[in-house]
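What follows is one structure encoded as structure tokens, with my remarks underneath.
Every read-out reported here was derived from the displayed coordinates using simple, explicitly stated rules and does not represent laboratory data. Not measured: the values here are computed from a predicted model. As a convention, Cβ positions derive from the backbone with ideal geometry for all residues, glycine included, and neighbour counts pool all protein chains shown.
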Amino acid sequence: MGTKLEQLGRALWAAQSRRRGALDRGLAAIGTTFPQWFALGEIARHPGSSAHWLAVKTFQSDQSFGTLANRLEAQGLITRFPGEGRKLAHRLTPAGDAMLEAGNAVGDRMLDTSFAPLSAAERRTLRELLDRVGAGD
């Protein structure tokens, strides 16, 4: 008897939920949140990007990203400056770089713990399978 798709979906969701909870707790301990850390990472990888582009890359609406960017700017983690046309561009401040580095350390520890039970071959297989499942969207 094969695994029911609902059970497979629930197992995937449960694993992600446990990992996200661990990540959220670790990030809270350093004074940030997952959405903030994720946004800092995208801004670092793509300095000068517009709010709309960053909203898309961080899976948020334009309005939600604008609210998040306001918080990041108020915390001194990003600066916004005139971009192309009427767009605002974004970049990290030195404090934003430091917060991203601290968040990356938390994320790395969480990933190490999460995938420790799997061999390198199992990790490759899992990645390949998830890529295939995600390609169907």
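Annotation note: Cβ proximity below 8 Å between a residue of the range 7-35 that is farther than 17 Å from residue 76 by Cα and a residue that is among the β-branched types (Val, Ile, Thr) (sequence gap 6+ or interchain) occurs for 22/113; 23/106; 24/33; 26/106; 27/33; 27/106; 29/106. When the residues of the range 68-91 are narrowed to those that are of a type in the set (S, T, N, Q) and more than 14 Å from residue 33 (Cα to Cα), which ends up surrounded by the fewest Cβ atoms within 10 Å (Cβ to Cβ)? The selected residue is 70.
Taking (1) part of a loop (DSSP other than H, G, I, E, B); (2) in contact with a strand residue (DSSP E or B) (Cβ under 7 Å, 6 or more places away or on another chain); (3) over 29 Å from residue 109 (Cβ atoms) in turn, residue 86 satisfies each apart from (2). Would you confirm, using the coordinates I've provided, whether residue 107 is out of contact with any Asp or Glu (no Cβ under 9 Å at 6 or more places or on another chain), within 17 Å of residue 31 (Cα to Cα) and of a type in the set (Gly, Ala, Ser)? The answer is yes for residue 107. Residue 50 passes every criterion in (1) surrounded by fewer than 17 Cβ atoms within 10 Å (Cβ to Cβ); (2) polar (S, T, N, Q); (3) in contact (Cβ under 8 Å) with a residue 24 or more places away in the chain; (4) farther than 24 Å from residue 19 by Cβ apart from (1). Scanning the range 92-127 for residues that are surrounded by 13 or more Cβ atoms within 10 Å (Cβ to Cβ), assigned to a helix (DSSP H, G or I) and polar (S, T, N, Q) gives 104, 114. Give me the pairs: first residue in the range 109-133 and small (Gly, Ala, Ser), second residue surrounded by 10 or more Cβ atoms within 10 Å (Cβ to Cβ) and part of a helix (DSSP H, G or I), beta-carbon distance under 6 Å, and six or more apart or on different chains, which are they? Pairs found: 114/19.
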